[in-house]
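A.B. asks: Please see the structure below; I have some questions.
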């Protein structure tokens, strides 16, 4: 019997607009009857710049992930000067980590930022090294040495501190060793002895590619925990490349082919494919965050003709990094920071906040229509910090608590709420306690506020709390306690699917998710931040701007998919104390310290490909 | 070739820089002060589209040193204002940090 497909062909959706949200499926065809185009979504891979190392270096050891990375030791120049310096990356900044007990470069390294292992390499006085060290996030501890001292181990390590793998080395070393957390044991040799290759994966499923024999090699071998098997070669032979992933899904980048490269290849378990997404900087002797994945890792430092300190981050996503951008929006009439926000990119509401003058605040509220801001009626009270996040809409807005009073400046903390109906503000129900500088999300009839500070006087009597209150449009009830007593976090989502992220005291990168009754910890946002904007939903959320104690005002935007954070387009100007509204695909950032009037509009365009017949 | 063009141009709001501009060239804004007024200082990716953008916005090109001086002046004003605040205010807000443009 013939099938529908055999008689009619594949079904193609006939739509008046492009698919969006969770209907997006890579490779699924649909016809847009408005534009007259047959379309599909495509995956996009891209590199974008990260922070610079504090100390530029080549031949450092890489470990960790894009948001919790390590660069260990290396050569800081000018003529092969080895260092003990280690730096930790949080996705935004580098900070100094513990120092190696001895200066080294070209070590085999792997593991995570808080459980890394680094072995062998080269160090003064100009000799091969066998010593190995583990790192616990603060200091290095010497562990048993490799059985075979060797150098040229740049990126030749894989695995963890309790199941590590080291192979190869200079000159043409074939020896393979496994570490089980207490000692190194000899294993079957590589088929081709190579130094300065790239080892990816685990002790029982590793992939070792490239390197030098001493001639530059394209060879690729797979390890199953017992022996090495030849695989298909890299398309471009090279040494000192950096990669991450697994034996069945790996990405490698850069290195030296004889000339310095920015070429990127991906492995699917069988063969290597060169992809168009090249690194922005050609470089060799780079340190990869090799606990990352084939679709998300970073490389730092290296040699690009001279020693460099820049970082590049690799991302593969349906929402391409390069297709997200902030554009300038209309300027607010009253510049402010720490205001309260509601609504969407084209129908936003901003109220209250700090204005110029010593501790001065405003009761002014404004509406945005996607082009310009117009004055709305004022809040009943002057207030600021009455919920960081997006609460409600432009025609059904909500502010809750904050620091304020009937005049400005005011030292009081508030328990009162106000509701906006698109024209004017009216009193809402009172919260069970005062709350200031707290996270907020939800709607006017299903609001959620959490953590922050409580007390009676913003200058003399405040206490950080973890309490949560839920609003039903008339009264507040207590919900489950937030994960930490903190303030200046921001919220997004709904009363039954809410998210809180960041915090001030202590500086926090924590993410917590609320299900309508209790909070659970999610993955941390890259780097600590406070006074940031947040908008969107639990599975399509966004955070932008804010303040990091090391970096100052942030331009960074990160998106949340309900599990992981990904970096997105930067704001044009760093700002903290800003307000946000809208969705992940169409967000709005407004104001910020010191009383900024400027706004920016975020658009994340999923990469649509129009199929043509020519 | 230098990585950035530096200049001042007043952010006029909607349409001052577009999504396409942000995809075409790097753009990073800072608050500066010219001794009389606050000015918007921009570090613009040094390509043809970036250069045209600054010209189209009636911008005034600056050297990196001149741009840094404008930013430093604004930071100094902000730090002086912070220094004059009460201890309670200082306990709540950090002193504005120095900014080094790229």
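Each value in this text was obtained by applying a stated rule to the coordinates, not by laboratory testing. What you are looking at is a predicted structure, and each value in this text was computed from that prediction instead of being measured. Quick reminder, even Gly has a Cβ in these numbers, built from the backbone with ideal geometry, and neighbours come from all protein chains shown.
A.B. asks: With the Cα gyration tensor of the range A:46-317 giving a ≥ b ≥ c as the square roots of its eigenvalues, does the rule (a/c under 1.5 for rounded; else a/b larger than b/c for prolate; else oblate) give rounded, prolate or oblate?
C.D. replies: Rounded.
A.B. asks: Return the percentage of antiparallel bridges among DSSP beta bridges fully within the protein assembly as shown, rounded to the nearest 5 %.
C.D. replies: Roughly 95 percent of the DSSP beta bridges within the protein assembly as shown come out antiparallel.
A.B. asks: Using only the alpha-carbon atoms, what does chain A span along each of its principal axes? Please give whole angstrom values in decreasing order.
C.D. replies: 78, 72, 42
A.B. asks: Express in nm, to one decimal, how much length is gained between residue A:259 and residue A:80 on full extension, taking 0.36 nm for each residue of separation and deducting their alpha carbon distance.
C.D. replies: Going from the current span to full extension adds 62.5 nm.
A.B. asks: Which order do A:132, A:271 fall in if you start with the one that has the fewest other Cβ atoms within 10 Å?
C.D. replies: A:271, A:132
A.B. asks: Oh, and also: Using the Cα gyration tensor of the range A:146-301, with a ≥ b ≥ c the square roots of its eigenvalues, what is the shape: rounded (a/c below 1.5), prolate (a/b larger than b/c) or oblate (neither)?
C.D. replies: Judged from the Cα gyration tensor, the range A:146-301 comes out prolate (a/c at least 1.5, a/b above b/c).
A.B. asks: Over the whole of A:452-459, what's the average partner chain Cβ count within 10 Å per residue? Rounded to a whole number, please.
C.D. replies: That works out to 1 on average.
A.B. asks: Quick one: grab the alpha carbon gyration tensor of the range A:268-393, order the square roots of its eigenvalues as a ≥ b ≥ c, and give me rounded if a/c is under 1.5, else prolate or oblate depending on whether a/b is larger than b/c.
C.D. replies: Prolate shape, in that a/c is at least 1.5 and a/b is the bigger ratio.
A.B. asks: Extending each Cα 7 Å along its Cβ direction at residue B:12 and residue A:139, get the distance between those two points in nm, one decimal.
C.D. replies: Each label point lies 7 Å from its Cα, and together they span 6.1 nm.
A.B. asks: Tell me what the protein assembly as shown gives for mean residue ellipticity at 222 nm when only DSSP H runs of n ≥ 4 count, each as -39,500 (n - 2.57), the sum divided by the residue total, rounded to 500 deg cm²/dmol.
C.D. replies: After summing the helix terms and dividing by the residues of the protein assembly as shown, the value is -2000 deg cm²/dmol.
A.B. asks: Let me ask something else about it. Over its Cα atoms, what ratio of radius of gyration to 2.2 N^0.38 Å does the range A:324-604 give?
C.D. replies: After normalising by residue count via 2.2 N^0.38 Å, the value is 0.86.
A.B. asks: Order of B:95, A:57 from fewest to most other C-beta atoms within 10 Å?
C.D. replies: Least to most surrounded, the residues fall as B:95, A:57.
A.B. asks: Residues of A:568-581, mean number of Cβ from any other protein chain within 10 Å of their own Cβ, rounded to a whole number?
C.D. replies: 3
A.B. asks: Which whole number gives the average, over all residues in B:15-21, of C-beta atoms from other chains lying within 10 Å of the residue C-beta?
C.D. replies: 6
A.B. asks: Compute the length gained on full extension between residue A:189 and residue A:515: take 0.36 nm times their separation in residues and subtract their Cα-Cα distance, giving the result in nm to one decimal.
C.D. replies: That pair, residue A:189 and residue A:515, stretches by 112.1 nm at full extension.
A.B. asks: Separate question: Arranged from highest to lowest average of other beta-carbon atoms within 10 Å per residue, in what order do the peptides A:169-177, A:82-90, A:406-414, A:582-590 appear?
C.D. replies: Answer by packing, highest mean first, reads A:582-590, A:82-90, A:169-177, A:406-414.
A.B. asks: Over chain B, with a Gaussian network built from C-alpha contacts below 10 Å, which listed residue (B:34, B:83, B:21) shows the highest mean-square fluctuation?
C.D. replies: B:83
A.B. asks: Using 7 Å Cα-to-Cβ label points, what is the residue A:162/residue A:426 separation (nm, one decimal)?
C.D. replies: 6.1 nm
A.B. asks: Enumerate the residues in the range A:511-549 having an amide nitrogen under 19 Å from the point lying 7 Å beyond the Cα of residue A:481 toward its Cβ.
C.D. replies: A:511-522
A.B. asks: Stretched out fully, how many nm does the piece from residue A:226 to residue A:472 gain, at 0.36 nm a residue minus the Cα gap?
C.D. replies: 82.4 nm
A.B. asks: To continue, here is another question. What Kirkwood hydrodynamic radius, in Å, does the range B:4-92 give when the mean of 1/r is taken over all pairs of distinct Cα atoms and then inverted?
C.D. replies: 14.1 Å
A.B. asks: Here's another thing I want to ask about it. Would you mind ranking A:221, A:213 so that the residue whose beta carbon has the fewest other beta carbons within 10 Å leads the list?
C.D. replies: Fewest to most other Cβ atoms nearby, the residues stand as A:213, A:221.
A.B. asks: Simple spin-label model, 7 Å along Cα-to-Cβ: residue A:204 to residue A:149 in nm?
C.D. replies: Modelled inter-label distance: 3.4 nm.
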